[in-house]
Amino acid sequence: MSPYRIPFNRVTLTGKEQTYIATAVERGHISGDGEFTRRCSELLERELGAPRVLLTTNCTHALEMCALLLDLRPGDEVIFPSFAFVTTVNAFVLRGVKPVFADIRPDTLNLDEDLLAGLVGPRTRAIVALHYGGVACEMDAILALARERRIPVVEDNAHGLFASYKGKKLGTFGCLATQSFHETKNITCGEGGALVINDPALMARAEIVREKGTNRARFFRGQVDKYTWVDLGSSYLPSEILAAFLWAQLEARESIQATRGNIWQRYERELASWAGQSGVSLPSVPAHCQQPYHVFYLLLPNLETRTRLIEHLKSRGILAVFHYLPLHLSEMGLRLGGKPGQCPVTEDLSDRLLRLPLFPGLTDADIDDVIEGVQAFKV
């Protein structure tokens with residue numbers, strides 16, 4: 001039993017998850033690539049306007065597939081924001097990649113596009129753009145440099161499903177993009193992910209990589225009379241049980257997003273005055289970015305203030321959490337060449353960021369309590 005009256009996150013069921021899981025079991029197909037997997041993939045392709053979407057066991061595995069599909073080798077360099085989840089980088093380091101850590105913008109907390117040109121070197125083989133909180137990176141500038149230098153772009157869109165940049169859906173800018181359906185994401189199946197393939201030249205091989213390096217998908221389509229091992233790969237297929245759960249969530253995507261949006265907007269509206277008087281910053285969303293309302297955060301003046309606010313809310317039974325620690329300063333990051341002072345904005349903001357509870361199951365009374373709890377805090 002959680003000690004918190006208001007947790008940071010709680011999965012909210014749409015009402016059809018268990019029904020669809022039972023249907024999958026009754027059909028006798030609960031391994032990968034069944035009817036619910038097909039439905040989810042086709043819906044995502046249609047909604048995103050993407051040529052191909054493959055469900056995966058999680059977003060980490062979708063990122064590992066990106067590293068394989070781009071033929072990354074030991075010694076190749078890939079540029080990442082240091083303000084990111086560990087698997088964003090680790091999935092590529094597993095292939096022997098040397099990470100080049102980039103700093104972030106102080107407004108959107110995204111990869112700072114103005115720094116990219118100075119980070120590109122002769123061994124640069126990819127740029128990974130993470131859309132923090134589902135607010136888009138400045139993709140025009142990133143893609144312009146990438147085209148000029150002939151460097152592929154991968155979008156880590158774990159936070160940004162159904163968000164857009166200048167009217168175009170996130171996850172459709174890079175040659176590849178990844179999605180997450182982890183328990184903490186807007187649309188979830190507990191653990192799950194997807195690979196969005198925007199480059200048609202990568203589609204056939206992506207099927208093989210996802211199917212343990214075999215041409216099994218071609219066999220089931222009747223294109224070969226038996227399947228065999230043809231390439232590198234692993235087992236990246238989610239079960240039909242997870243896909244059935246995910247289908248229920250995707251069916252309810254509009255109501256889920258609308259509910260999250262109402263909560264996010266209440267936080268912004270009702271905390272604006274307190275934030276202005278307290279020297280606290282609220283999330284920045286550029287006008288040309290349509291967000292999915294995944295994260296609502298406060299940027300406190302310093303680490304000590306953030307620590308006190310966490311404890312203050314805890315005393316009221318409310319769980320608020322901080323987010324990423326700078327990857328370049330992690331134990332592994334330092335071993336891979338990171339050093340203090342390398343990404344000053346990341347180092348500063350990661351000490352000050354605090355995320356508030358945000359999930360569809362929050363009641364109006366819960367939201368009132370969170371807002372009142374924050375407003376009662378003296379910075």
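Each value in this text was obtained by applying a stated rule to the coordinates, not by laboratory testing. Here the structure is a predicted model, which means the values were calculated and not measured. Glycine gets a Cβ as well: all are built from the backbone with ideal geometry, and neighbour counts include every protein chain shown.
For helix 253-278, report the angle its Cα long axis makes with the longest principal axis of the Cα atoms of the chain; keep it between 0 and 90° and round to the nearest 10°. Tilt relative to the chain: about 30 degrees.
Here segment 182-211 and segment 12-41 have alpha carbon centers that stand 17 Å from each other. Estimated at 0.36 nm per residue, the fully extended path between residue 13 and residue 265 surpasses their Cα-Cα distance by 88.5 nm. Simple point charges give the picture: +1 on the Cβ of Lys and Arg, -1 on the Cβ of Asp and Glu, and for the chain a dipole about the Cα centre of about 540 debye. With the cut-off at 1.5 for a/c, could you classify segment 137-272 from its C-alpha gyration tensor as rounded, prolate or oblate? Since a/c reaches 1.5 but b/c is at least a/b, the shape of segment 137-272 is classed as oblate. Estimated at 0.36 nm per residue, the fully extended path between residue 119 and residue 232 surpasses their Cα-Cα distance by 37.7 nm. Of the listed pairs 98/169; 98/339; 16/185, which have alpha-carbon separations greater than 22 Å here? Cα-Cα > 22 Å for 98/169; rest within. Converting phi to 3J(HN,Hα) with the Karplus coefficients 6.51, -1.76 and 1.60 and the offset θ = phi - 60°, segment 231-241 yields 7, 5, x, 7, 9, 10, 8, x, 6, 5, 5 Hz in sequence order, with x at every glycine or proline.
Between rounded, prolate and oblate, where does segment 71-135 land on the alpha carbon gyration tensor, with a ≥ b ≥ c its root eigenvalues, rounded for a/c under 1.5, else prolate if a/b exceeds b/c? Mind showing how you got there, number by number?
Details: a/c = 2.73, a/b = 1.47, b/c = 1.86.
Taking the square roots of the gyration eigenvalues as a ≥ b ≥ c, segment 71-135 is oblate.
Ordered by the count of other Cβ atoms within 10 Å of each Cβ, fewest first, 155, 35 give 35, 155. Between residue 4 and residue 273, the modelled labels are 2.7 nm apart [label points 7 Å from Cα along Cα→Cβ]. The residue 335 and residue 284 beta-carbon pair, evaluated with R₀ = 41 Å, returns a calculated FRET efficiency of approximately 0.80.
Amide H contacts under 5 Å for residue 102: 80, 82, restricted to partners 5 or more places along the chain or on a different chain, H placed in the peptide plane at 1.01 Å from N.
DSSP bridge analysis restricted to segment 86-214 gives an antiparallel fraction near 55%, rounded to the nearest 5.
What ranking of 103, 225, 368 emerges when the number of other C-beta atoms within 10 Å of each C-beta is taken as an exposure proxy, fewest first? Intermediate results must be reported in sequence, preceding the final value.
Working: 103 22, 225 6, 368 13.
Listing 103, 225, 368 from fewest to most nearby Cβ atoms yields 225, 368, 103.
Write down the percent of antiparallel bridges among all DSSP beta bridges whose residues are both part of the chain, to the nearest 5. The partial results should precede the final answer.
Numbers: 22 of 38 bridges.
Restricted to the chain, the bridges split so that about 60 percent are antiparallel.
In plain terms, the residue of 166, 212, 185 with the fewest other Cβ atoms within 10 Å comes first and the most crowded comes last, giving 166, 212, 185. Under 5 Å between amide hydrogens, built in the peptide plane, is the criterion, and for residue 77 it picks out 98, 124, 125 among residues at least 5 positions away or on other chains. Mind checking the angle between helix 17-27 and the chain's longest principal axis? C-alpha axes, 0 to 90 degrees, to the nearest 10. In the chain, helix 17-27 runs at an angle near 10 degrees to the longest axis. What is the Cα centroid distance between segment 158-179 and segment 55-122, reported in whole angstrom? If you average the Cα positions of each part, the centres end up 16 Å apart. For the pair residue 364 and residue 316, a Förster radius of 22 Å applied to the C-beta separation gives a FRET efficiency near 0.85, rounded to the nearest 0.05. Relative to the dominant Cα principal axis of the chain, helix 59-69 is inclined by about 50°.
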